[in-house]
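Shown next, in structure tokens, is the structure this report addresses.
The values are calculated or read from the model by the stated rules, or taken from the named source; none is laboratory data. Remember, predicted model here, so these are calculated numbers, not experimental data. We place every Cβ from the backbone using ideal geometry, glycine too, and count neighbours over all the protein chains shown.
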Amino acid sequence: MCIYYKGRTDLTFENREHIISAGIGGINRLPKDYVSTQFNTDSSNLEREFIRNSLISIPRPIVGPGKRGKQSEKYATKSSIVVMENLHNPGEFSLGYLKLGKPYEIPLLLYDETSKFVKFSFDKTDEGNLDEIIGSFIDKLINPEPFKLKILDDERLPLQQILLGHSTEVEDNFNFYLAKHPGNKTQVTPEKLKPFAMALTRTKTDLPQHEQYIPKMSIKMIWKEDHLRVFGKYAFNCLSFLKGKNFVLNERFDGVRGWIANGGHNIYAKMNNEYGEILAKLPVTFPELSHVIHFTKIDRHLVALVSLYETSSVFIDLADNFDSPFEADTWICDWKNRKEYRLMEYLNTLYPGV
């Protein structure tokens, strides 16, 4: 029986669910028969959006981890593509992303619709052959399929200018990026890319110059109420790991279970630094930027406090009228060192033999 789709009999169990997503460094997994393939499929889009666009989308491309929790630079997490401004030359813009706290540009052209001026730009640290870089970009404009366009409206851009970039290595769902002022109604289709290729071909001999500068990035965080369900999922996964499947299948968890699985009116989770103070009172200094899930009883409520990257804690009300005995417990994900502990296990590493 699935701990989320309780009572359904049409389920399969093909994979083991991570307690905390591997995308943010989670290591331990639940037994295979805890979480169904169907629930994983249904919740994957929400969790993917949460990791890329919620409040944790800011620390993750700065400190990590990378894909599937890996630490090497090769697998480092990249932010979404954003508009970047040259702080040494305000008003000069490009497109790029953040990786391990460093900004990188993608190849792009700037087109001024009034003057018909065309300029090519690329990452200033790219050591490739300039002719090849521009030639490859022109080829993508001539043969754009598949054409997956993302539009970035930015009021800092001049009304008559557009930025058109291409990259297949940053966002899974897009390969072309069009940045423009919200008042600019330019539409880009595969057919409209070829004139840009011709204009760029005519100016190909005017190669861009390398220059080092500090870009200003505006990373947008998209917060949705449904993102709280992911915090709830991590707490519920962890509770089932610590207490067992039968414990969480009890009907007193049906309310929070249904909300995590299906959404709806949220009476279970809220963000509040006041609850984070409870974590601060625990007699331990947690590993740097670790993820922490703390379970305790407050009056007759069984609650979880979920803290990711030491950001504001989220309070999850797992069950009310909880009259059974419950000893407080804490789960620590030290993703930087690829370790996960219960609190006492972690204390034993700090004070062995005590």
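Quick notes
Residue by residue, here is whether (1) surrounded by 14 or more Cβ atoms within 10 Å (Cβ to Cβ); (2) at pLDDT below 95; (3) within 17 Å of A235 (Cβ to Cβ) holds:
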| position | (1), (2), (3) |
| --- | --- |
| M1 | yes, yes, no |
| G7 | no, yes, no |
| L11 | yes, no, no |
| N15 | no, yes, no |
| I20 | yes, no, yes |
| G25 | yes, yes, yes |
| R29 | yes, no, yes |
| Y34 | yes, no, yes |
| S44 | no, yes, no |
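- Across segment 254-295, the number of residues qualifying as among the basic types (K, R) and assigned to a loop (DSSP other than H, G, I, E, B) comes to 1.
- For segment 321-339, taking the residues that are closer than 22 Å to R229 by Cα and in contact (Cβ under 8 Å) with a residue 60 or more places away in the chain, the one that is nearest to the chain's Cα centre (by Cα) is identified as W335.
- Taken as a whole, segment 256-265 holds no residue that is over 22 Å from T37 (Cβ atoms) and in contact with a Ser or Thr (Cβ under 7 Å, 6 or more places away or on another chain).
- Listed by first and then second residue, the pairs with beta-carbon distance under 9 Å, at least 6 apart or on different chains, first residue in segment 260-272 and under 21 Å from L249 (Cβ atoms) and outside the structural domain of V35 (by TED's automatic domain parsing), second modelled with pLDDT under 95 and among the small types (G, A, S), form an empty list.
- Within segment 91-137, being at pLDDT 80 or above and among the charged types (D, E, K, R) holds for E92, E105, D112, E113, K116, K119, E132.
- Search result, residues across segment 297-354 that are over 17 Å from N250 (Cβ atoms), crowded, with 19+ Cβ neighbours inside 10 Å and among the β-branched types (V, I, T): V306, V314, T330, I332
- Selection within segment 90-110 - over 17 Å from the mean Cα position of the chain (by Cα) and more than 14 Å from S167 (Cβ to Cβ): P90, G91, E92, F93, L110
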